[in-house]
1. Confirm whether Phe485 is of a type in the set (A, V, I, L, M, F, W, C), under 15 Å from the mean Cα position of the chain (by Cα) and either buried (at least 19 other Cβ atoms within 10 Å of the Cβ) or closer than 26 Å to Ser210 by Cα (or both).
2. Which residue, of Leu448, Leu443, is open to solvent by less than 40 Å² (accessible area, probe 1.4 Å), out of contact with any strand residue (DSSP E or B) (no Cβ under 7 Å at 6 or more places or on another chain) and either at pLDDT below 90 or not hydroxyl-bearing (Ser, Thr, Tyr) (or both)?
3. Taking the stated definitions as given, is Phe384 in contact (Cβ under 8 Å) with a residue 40 or more places away in the chain and either within 22 Å of Val140 (Cβ to Cβ) or open to solvent by 70 Å² or more (accessible area, probe 1.4 Å) (or both)?
4. Considering only the stretch 100-124, how many residues are at pLDDT 90 or above and in a loop (DSSP other than H, G, I, E, B)?
5. I'd like to verify a number: residues in the stretch 288-300 that are in a helix (DSSP H, G or I) and either hydrophobic (A, V, I, L, M, F, W, C) or modelled with pLDDT of 80 or more (or both), how many?
6. In the stretch 539-548, what count of residues is obtained for those that are open to solvent by 40 Å² or more (accessible area, probe 1.4 Å) and touching a Gly at 6+ places or on another chain (Cβ under 9 Å)?
7. Regarding Ile262, is this residue on the phi < 0 side of the Ramachandran plot, in a helix (DSSP H, G or I) and surrounded by 13 or more Cβ atoms within 10 Å (Cβ to Cβ)?
8. Cβ-Cβ below 9 Å, separation at least six or inter-chain, first residue in the stretch 673-687 and modelled with pLDDT under 90, second open to solvent by 20 Å² or more (accessible area, probe 1.4 Å) and among the polar types (S, T, N, Q): which pairs?
Amino acid sequence: MERPLEATRMENSTSSCILMERKTRIKINRKEVMLAKMRNSCSCTPKKLKNFVMDFLPVLRWLPKYQYKEYIWGDIMSGLVIGIILVPQAIAYSLLAGLKPIYSLYTSFFANIIYFLMGTSRHVSVGIFSLISLMVGQVVDRELVLAGFDLNDDAPPVLQNDSQSNTTAFNLTIAGIFFECYAIGIATALTFVAGVYQVLMGIFRLGFVSMYLSESVLDGFATGASLTILTAQVKYLIGIKIPRSQGHGMLVITWINILRNIPQANLCDVITSAICIVVLVTAKELGDRYKHKLKFPLPTELVVIVVATLVSHYGKLNEVYASSVSGAIPTGFIPPKVPHFNLMLRVAVDALPLAIVSFVFTVSLSEMCAKKYAYTIRANQEMFAVGFCNIIPSFFHSFATSAALAKTLVKTSTGCQTQVSGVISAMVVLLVLLFLAPLFYSLQKCVLACIIIVSLRGALRKFRDVPARYHVNKVDTLVWVVTMFASALISTEVGLLVGIVFSMLCIVVRTQRPRTALLGQIQGTSFYEDDLEYENLSSVPKVKIFRFEAPLYYANRNYFLKSLYRLTNLDPNLEAARRKKYEKKEKQHLKKGDQTAANGLGIGENTLQLVPKQIDFQALVIDCSSISFLDTTGVNTLKEILKDYKDFNISVLLACCNPSVIDSLKRGGYFGKDFGSMQEMLFYSIHNAVQFANDQKLPADCAV
């Protein structure tokens, strides 16, 4: 069925108006299209099966084309550097997750191997990430407390060598084993469910969920979580023993406990922490300053860990000064185990924000690298990749992973070319797992805390950007502040939710109270702009031009009307009521023979207020260029305006409407049943509408 002709005016060099005809839309049978898609997707041919496998495992596409001479040395160098950085970070981040270091090493190993097979980004580094480790650790701690375990980081004191003491020591050892097994059980169940969520989001194409996490929300979340991470590590820095705080307000409660127990600080840990922080920060600053001269970053963390371990071992810091150490890290792999279904049910809600944050950080970094190095990624495949980086390792005593910004930047700066560098990094971690892990027994926990805190520099530096952020956009700054405080003072999961909701509310408020303006003509041109923003604009006689910079829908209808009435200085409803009252008063005075009432003279002050206004315009032009859509309320609002102003002989003209707005007006009956008056109501430019308002008659050549 052909669409009716749209007779609308626009400027033309040969005539004052021309006719614009919309293209005929071909009706699509959605049912047939859906059935055809289902038949196509359900059919199985060798070619489709091959493409499915190749898409699911992208390594099968790019690895046969791998250019060894060009890529291999960059991948080896990058993989070695990332592996060297990954080992100390993995051991350190185990403190955040509340788990033994061996599980962090497992996580780093399996994540790199799986992403090598399934990932589409050549440069991102997938593995242990501080924010993800923190989110895992908070869930683990909560469930341990609910199960009745004591969250004391240190081993029980050594008891005297008698039979009762031996029995007690044996019981404590068994309790410690149950504690560790339950903790990793919670972490693997949480990781498995998060991975399942990510795979389901990939199957149902729900990647758009990440769009609701704006840059301000993500930055605020990262900064707030960094404050929580910093707070959790302070007790290791100064060597005090305080209970782990749980629930909302953990940051405040932890700081109160820290301040109360500062007199019990371990001097050895304080001195070690001060030295390590100075060395790490100095090395980082020098590395940032001279990074263009360095072929690869200095492995400062590894050097600090090696030196600190040797000093702690030969200086017997644990035995002499009671400094807390990492303890035994076993070698080899533990037999795989299926995550507990009952624990999955307990952490199903907690896994959702974990899945979203993990996916968002991975895809964001993948897109950043792809844009920089001119290749493409598949966001949906990235969701599958990070999902299986969680599902498969959860059977091997690993916890949730994500792409990490710091390691990704290091990877790109050290010559990384493809995902092969991830395999090299995994081999470095495997070497530690099989042979070198026991060497870290004497490593002080305060050294690991220093590594974690120094790694937070980037997120904590966001505080310096607040003035610049505020100068650019005040609303985005407010979103950042609210998300940051909610993440730090309540909890990370609640903070993320608060940030998303608050960000969406800000968008709603922006559309509820958008900018409105009366426009004036730029002298000597056919263009119009805001009269309050620009100088030397001339007003159009007998015409008011109103601009509304937002969609017109149910939530901002009243604001639209109030703004229109205020700027035009005419409320048709009030003016109609005033005229009726004036006419009524006038008739009453005429009946009494008071002739002065006919001129409005001799009437009291209240009656004078009823005298009709002198309306100074005959046409209202509404600039619809910023109105992206209309709902039913919006259409009815325009119809109401049309009717109300018509009672005062004021024409209402619409200019610059997009096709979807025109269609909404047609369906709502704004132009009448046959659209015959459309050419006198709708215009493709403001200037055309103004010219028509001045002429008030259509030329003969524009008749329909």
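1. no
2. Leu448
3. It is false that Phe384 is in contact (Cβ under 8 Å) with a residue 40 or more places away in the chain and either within 22 Å of Val140 (Cβ to Cβ) or open to solvent by 70 Å² or more (accessible area, probe 1.4 Å) (or both).
4. Summing the residues that are at pLDDT 90 or above and in a loop (DSSP other than H, G, I, E, B) in the stretch 100-124 gives 6.
5. 2
6. Total satisfying the criteria: 1.
7. When the stated conditions are applied, Ile262 does not pass them.
8. Glu680/Ser651; Met681/Ser651
The values are calculated or read from the model by the stated rules, or taken from the named source; none is laboratory data. In this text the structure is predicted, and so the values were computed from the model without any measurement. Cβ atoms come from the backbone with ideal geometry, glycine included; neighbour counts cover every protein chain shown. Remember, those area values only see protein heavy atoms, side chains included, never the ligands or the DNA or RNA. Shrake-Rupley method; radii C 1.70, N 1.55, O 1.52, S 1.80 Å.
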